Amino acid sequence: MFMPGVLLEALRANVQIVRTKEHNLESFCWVILHAVYMHAISLKKKALEEITGDAKFYKRLTKEFRALFSSTGVVDLIER
């Protein structure tokens, strides 16, 4: 789930690739992004509305989260 795009594409193509520090950094960034989304989503809908001043923010946030993090496999991840 938190793999760099290059590694996912290599996995899909069944190609060997050497993992680099850049790949590790990208993976780390995905983990941080996931944590930030999870924290924001864990707030009450009402609290998010008060913080952002936007009544539809929670709905858009959860939709965006699902688009980024709820794939069913490697191909689905690559195509997003």
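The values are calculated or read from the model by the stated rules, or taken from the named source; none is laboratory data. If you're wondering where the values come from, they're calculated on a predicted model, not measured in any experiment. All Cβ positions, glycine included, derive from the backbone under ideal geometry; neighbour counts span all protein chains shown. The area values use the complete protein model at the heavy-atom level, side chains included, leaving out ligands, DNA and RNA. Shrake-Rupley method; radii C 1.70, N 1.55, O 1.52, S 1.80 Å.
With charges only on Cβ, +1 for K and R and -1 for D and E, what is the dipole size of the stretch 1-70 about its Cα centre, in debye, rounded to 20?
So the magnitude is around 300 debye.
Among the helices of the chain, those built from whole DSSP H runs whose Cα atoms reach 27 Å or more along their own axis and whose mean Kyte-Doolittle hydropathy is at least -1.0 are 21-42.
Could you look at the chain and say what percent of its accessible area is carbon and sulfur, using a 1.4 Å probe and all protein chains? If you can, show how the numbers build up before the last one.
Values: 3730 of 6060 Å².
Carbon with sulfur: 62 percent of the solvent-accessible area.
Among the chymotrypsin sites (Phe, Trp or Tyr not before Pro) within the stretch 1-55, those in coil by DSSP and having at most 15 neighbouring Cβ atoms inside 10 Å are 2. Sites listed here are trypsin sites (Lys or Arg not before Pro) in the stretch 1-61 whose DSSP assignment is loop and whose Cβ has at most 12 other Cβ atoms within 10 Å: 44, 56.
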